[in-house]
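Each remark here refers to the structure printed beneath this line.
The values are calculated or read from the model by the stated rules, or taken from the named source; none is laboratory data. Only a predicted model underlies this, so the values are computations on that prediction, with no experimental measurement involved. Methodologically, a virtual Cβ is constructed for each residue, glycine included, from the backbone with ideal geometry; neighbour enumeration extends over all protein chains shown. Calculation scope for accessible area: heavy atoms of the full protein, side chains included, ligands and nucleic acids excluded. Shrake-Rupley method; radii C 1.70, N 1.55, O 1.52, S 1.80 Å.
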Amino acid sequence: MANQSRRDFMRNSLLGMAALPLGAGILSKSAFADSLPRLDPEAPEAEALNYVEDASDASDHPAYEEGERCDNCMFYTEANEGCTLFPENSVEPAGWCQSWVEMNG
């Protein structure tokens, strides 16, 4: 009887652990998709990186080059218009900040 209980426990534990990544993936995609508030350009973290919602507004910044936009930066996430530099916010796809890095590929 004890062996059967132990086997059931081990089997259920292994099945539960195997399902964890699947559940986490589903939760993260549904919980965070389209749910990020837009980054306020006047927020301290935005100002620290000279973030603007319209890249052309950065034309006088020495680091800015024509054609650089959030949506062609390696830190941009199209699914939720997020940016890894501003993980709690979405950014304007046509925006720009001084940490812009060309997307590889």
(request) Considering only residues that are more than 11 Å from the chain's Cα centre (by Cα) and buried (at least 20 other Cβ atoms within 10 Å of the Cβ), look in segment 53-86 and name the one that is nearest to Ser35 (Cα to Cα). (result) Cys70
(request) Output the residues belonging to segment 44-61 that are part of a loop (DSSP other than H, G, I, E, B) and touching a residue at least 12 places away in the same chain (Cβ under 8 Å). (result) Leu49, Asn50, Tyr51, Glu53, Asp54, His61
(request) Working carefully through the options Phe75, Phe86, find the one that is in contact with an Asp or Glu (Cβ under 9 Å, 6 or more places away or on another chain) and among the hydrophobic types (A, V, I, L, M, F, W, C). (result) Phe86
(message) I'd like to know if segment 18-34 contains one or more residues that are at pLDDT below 95, open to solvent by 50 Å² or more (accessible area, probe 1.4 Å) and of a type in the set (Phe, Trp, Tyr).
(response) yes
(message) Six or more apart or on different chains, Cβ atoms under 7 Å: show the pairs whose first residue is in segment 72-84 and over 17 Å from Ala46 (Cβ atoms) and without any contact (Cβ under 8 Å) to a residue 40 or more places away in the chain and whose second is open to solvent by 50 Å² or more (accessible area, probe 1.4 Å) and in a loop (DSSP other than H, G, I, E, B).
(response) Asn72/Met103; Met74/Val101; Met74/Met103; Met74/Asn104
(request) Collect the residues in segment 87-105 that are open to solvent by less than 80 Å² (accessible area, probe 1.4 Å) and either part of a loop (DSSP other than H, G, I, E, B) or not hydrophobic (A, V, I, L, M, F, W, C) (or both), keeping them in residue-number order. (result) Asn89, Ser90, Val91, Glu92, Pro93, Ala94, Gly95, Cys97, Gln98, Ser99, Trp100, Val101
